[in-house]
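**Q** Dropping the structure in here first, questions after.
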Amino acid sequence: MYLEFTIFATATPEQMNTKLTSRAYLVSIILLAGLLRMTLPGLSEFKADEARLYASSLNFVNTLEIPIHGISSSIGIPNFPISIWIYAIPLMIWRHPYSATMFTGLLNTGAVIICWSITKRYWNTRTAVIATMLFATSPWAIIFSRKIWAQNTLPVFVCAWALSGLIACHGRQKWPTLLHGLLIGCIPQIHFSGLALIPISLINLVLCRKEIEWKWLAIGIIISLSTAAPLAIHLTNSDWNSILGLLSNSSIPSNTESIKYYWILSTGSDIHSLTGPTNYKDFLSSIPNYSTIYWFWTTLIIIGCLSLIKSNDHLPSVAPRTLLSWLIIPLLIQYISPYDVHLHYFIVTFPVQYIIAAIGANQLFEIIRTRIVHISGWALVLASASLQVWAVVALLQFISLYNTPNGFGTPLSMTMNAVNKAQDIYTENELSEVLIIGNGNDPEVHEFPAIYDALLTQIPHRFVDWRYTNVIPRLPSIALYRQDSSQQIGYNYYQELSDKKSYFRLRQGEGTIAVAELLKPQDATIDLRQFAPPRRLANGVTILGYSPITIHGGLEWMIHWTPGNTSAADYHFFNHLYDSNGTRIGQSDAASYPAYQWKDGDRVISFFSTSVDTEVKFLKVGMYTYPDMQNIFFVDDSGKPVSSEITSIWRSN
């Protein structure tokens with residue numbers, strides 16, 4: 001083994017450049033990159049953004065309705081739909097979240113191949129080996145390639161942009177020029193950080209204008225702009241105010257956080273942040289101190305930059321210019337950006353920092369030609385890459401075992417265990433629907449419903465925010481809910497309504513997911529205090545009564561009611577508490593169960609609470625629309641409006 005390594009380490013670029021040898025290096029690195037990016041797709045987090053993007057792509061595949069905008073971006077406007085179209089590709093073959101997850105890894109493995117092509121084409125095989133090795137083992141490059149996310153698809157397209165641009169600037173070639181024009185317009189549609197590539201292209205196109213096939217460049221740009229047309233139409237109809245709001249933020253601060261994030265992304269530092277603020281010390285204690293590796297990679301990047309700046313005449317100037325501008329301009333744009341900067345904004349730089357680092361390493365090998373230096377240098381490169389892989393593997397193991405609040409989300413495989421059980425029960429028992437019960441009831445806003453809305457697309461389902469509501473359906477159904485100490489609810493009737501439950505353990509400290517069969521959901525015995533009639537509202541809602549909840553230090557109660565016809569209206573309840581003198585001493589208002597989810601035969605239980613200093617004698621309840629605050633009247637048997645509220649004498653337990 002030592003002999004083989006010595007031969008490898010002391011080989012000249014010319015000796016490495018044989019076809020068989022270079023292919024062997026490339027295949028080895030591709031296999032490593034693919035293993036790190038595509039294996040164990042269940043060990044991917046699947047939060048709200050991932051779920052909404054997956055659901056949108058799956059809906060596109062199932063309905064063939066072309067989406068005209070993507071999911072919302074972090075800056076408050078919709079993304080372009082191109083990411084939905086991209087993720088539809090694997091879902092046409094296999095309609096499963098693992099398909100889209102592995103597709104992300106496949107694209108990022110493709111980026112490693114193009115990185116090799118760029119480096120070998122304009123430098124040499126030794127530089128290509130180092131560049132692709134660093135890129136293949138870069139911790140953040142691996143992490144971002146292992147989940148469904150629009151910006152995680154960027155590296156392969158950015159690498160293709162760089163290679164096509166370099167070829168286009170070296171001799172009037174139409175297809176690379178067409179591709180470059182297409183990618184100039186499409187990459188910013190995948191993620192807005194891609195706008196940083198436009199000035200880089202402009203610089204090269206202007207300086208190499210005599211070499212450019214301008215007609216084919218224009219065709220590529222026009223095609224890319226046509227893919228942006230759907231979002232332009234959507235914004236014209238609805239969202240120009242959000243665009244104007246962004247443009248009005250014209251201040252140009254110096255965002256020093258951008259430098260820190262760029263360094264973190266490039267060197268693989270701070271991956272412990274994914275373990276969350278409460279667990280990162282435990283993770284760090286399980287791995288060596290990696291600061292030496294971070295500074296080793298940083299040093300190689302600096303040496304590479306100096307080498308490019310002082311490049312010899314025999315090296316085409318467009319290549320070093322492209323790399324240096326690709327490294328610097330995205331950082332400069334984020335540095336002066338008036339908006340918050342996030343780590344993933346720098347994915348657009350992958351893998352330029354590793355190509356430049358490899359150029360720096362190759363320059364050192366060229367300057368210092370002694371055998372011992374070459375062996376030591378290669379040993380350092382290989383050791384740093386190996387230790388980075390070790391850190392990533394250790395991280396994946398840690399986040400698969402332990403809860404990581406405010407860090408890495410629940411692994412997808414654990415979520416899928418509960419989803420698969422719900423699907424099996426639904427199919428075997430011919431039940432009516434699945435109630436997705438957790439924090440939030442709007443998949444466009446809340447994470448828990450977004451996740452299960454995406455994963456249960458083939459089964460009828462509704463969402464219940466059990467912090468404020470329990471919904472007991474008329475027909476046999478399934479309740480899916482999570483049990484852990486963080487899920488604070490008023491009451492959980494689903495526990496007593498089901499005799500058959502399956503529990504799926506999550507990570508240590510994260511609780512379980514329960515899948516409960518509600519075969520006779522309306523059999524619960526509930527003692528209600530009645531209101532004076534009439535109890536039916538003009539929107540069809542009927543108030544059945546209320547029941548108090550005994551607690552310490554406050555007052556809580558439940559309103560039991562049945563819904564009317566489905567509606568797009570946003571209804572809220574008001575609860576007014578009065579003392580014996582008729583003075584209002586307390587109030588609790590809250591949204592009702594969303595009217596668009598109402599079903600005939602449902603019994604809904606809404607939770608309310610307040611604090612009062614005086615003994616309560618009366619409870620008055622009513623309903624109104626929000627935000628226009630229009631009361632919904634109670635009606636008599638003939639349908640005539642009677643009152644905006646009904647009253648009951650307050651009786652505590």
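The values are calculated or read from the model by the stated rules, or taken from the named source; none is laboratory data. Source: prediction; values computed, not measured. Note: ideal-geometry Cβ built from the backbone for every residue, glycine included; neighbour counts use all protein chains shown. Each accessible area value is taken on the protein alone, full model and side chains, heavy atoms only, with ligands, DNA and RNA left out. Shrake-Rupley method; radii C 1.70, N 1.55, O 1.52, S 1.80 Å.
**Q** If I ignore ligands, DNA and RNA and count only protein heavy atoms, how much of Asp589 is accessible to a 1.4 Å probe, in Å² to the nearest 10?
**A** Only protein atoms counted, so the area is about 70 Å².
**Q** Tally Lys and Arg at +1 and Asp and Glu at -1 over the other residues with C-beta under 11 Å from the C-beta of Asp636: what net charge comes out?
**A** Net local charge, Asp636 excluded: +2.
**Q** Rounded to the nearest 500, what is the 222 nm mean residue ellipticity of the chain from helices alone, with -39500 (n - 2.57) per DSSP H run of 4+ residues and division by all residues?
**A** -15500 deg cm²/dmol
**Q** Let me ask you something else. Past 29 Å, Cα to Cα, is the threshold; run Lys47/Lys281; Lys147/Lys520; Lys147/Lys281 against it and keep the listed order.
**A** As for pairs spanning more than 29 Å Cα to Cα, those are Lys147/Lys520.
**Q** What does the charge count around Tyr481 come to, taking other residues whose C-beta lies under 15 Å from its C-beta (Lys +1, Arg +1, Asp -1, Glu -1)?
**A** -1
**Q** What's the Cα-based Rg to Rh of the range 279-427, Rh via Kirkwood? Each step should come with its number before you reach the end.
**A** Numbers: Rg = 21.4 Å, Rh = 19.2 Å.
On the Cα set of the range 279-427, Rg over Rh gives 1.12.
**Q** For q values of 0.10 Å⁻¹, compute log₁₀ I(q)/I(0) with the Debye formula on a Cα-only model of the chain, without solvent.
**A** -0.99
**Q** Cut-off under 26 Å on the C-alpha distance; same-chain residues fewer than 8 positions from Lys215 excluded. Which lysines are left, in chain and number order?
**A** The reachable lysines, counting only those whose Cα sits under 26 Å from Lys215, are Lys174.
**Q** Quick one: order Phe157, Phe618 from most to least accessible surface, probe 1.4 Å.
**A** On the way: Phe157 55, Phe618 75 Å².
Largest accessible area first, the residues go Phe618, Phe157.
**Q** What do you reckon, how do Val642, Val352 stack up by accessible area (1.4 Å probe), largest on top? Mind dumping the intermediate values first?
**A** On the way: Val642 80, Val352 0 Å².
Highest to lowest solvent-accessible surface, that is Val642, Val352.
**Q** Heavy-atom accessible area of Arg536 with all protein chains present, probe 1.4 Å, nearest 10 Å²?
**A** Answer for Arg536: close to 100 Å² accessible.
**Q** Along the principal axes of its C-alpha atoms, what lengths does the range 355-479 span, in descending order and rounded to whole Å?
**A** Reported extents, whole Å, longest axis first: 82, 30, 24.
**Q** Here's another thing I want to ask about it. Which whole-number value in Å² is the accessible area per residue of the range 593-637, probe 1.4 Å?
**A** Ligands and nucleic acids excluded, the figure is 50 Å² per residue.
**Q** State the percentage of accessible surface on the range 284-367 attributable to carbon and sulfur atoms; use a 1.4 Å probe and exclude ligands, DNA and RNA.
**A** 65 percent
**Q** Ordering Ile219, Ile148, Ile309, Ile114 by accessible area with a probe of 1.4 Å, largest first, what comes out?
**A** Ile309, Ile219, Ile114, Ile148
**Q** In the full protein assembly as shown, how much of Cys208 is accessible to a 1.4 Å probe, in Å² to the nearest 10?
**A** Looks like 20 Å² after rounding.
**Q** Compute the normalised compactness of the range 327-376: alpha-carbon radius of gyration over 2.2 N^0.38 Å, N being the residue count.
**A** Scaled against compact globular proteins, the figure is 1.70.
**Q** Please report, for the Cα atoms of the range 17-65, the Rg to one decimal and the Dmax as a whole number; what are they, in angstrom?
**A** Spelled out, the Cα radius of gyration and Dmax of the range 17-65 are 18.1, 51 Å.
**Q** While we're here: Would you mind checking which residues have amide H under 5 Å from Tyr402's amide H? H placed 1.01 Å from N; only 5 or more apart, or other chain.
**A** Here the answer is Gln508, since their amide H atoms fall under 5 Å of that of Tyr402.
**Q** Run the lone-cysteine check on the chain: no other Cys C-beta under 4.7 Å from the residue's C-beta.
**A** Cys with no partner Cβ under 4.7 Å: Cys115, Cys159, Cys186, Cys305.
**Q** For the range 568-635, what is Rg from Cα atoms divided by 2.2 N^0.38 Å, rounded to two decimals?
**A** Ratio of Cα Rg to 2.2 N^0.38 Å: 1.26.
**Q** At a 1.4 Å probe radius, carbon and sulfur cover how many percent of the accessible area of the range 563-653?
**A** Answer for the range 563-653: carbon and sulfur cover 45 percent of the accessible area.
**Q** Residues with amide H under 5 Å of Ile585's amide H, sequence separation 5 or more or different chain, H placed in the peptide plane at 1.01 Å from N; which?
**A** Leu577, Tyr578, Asp579
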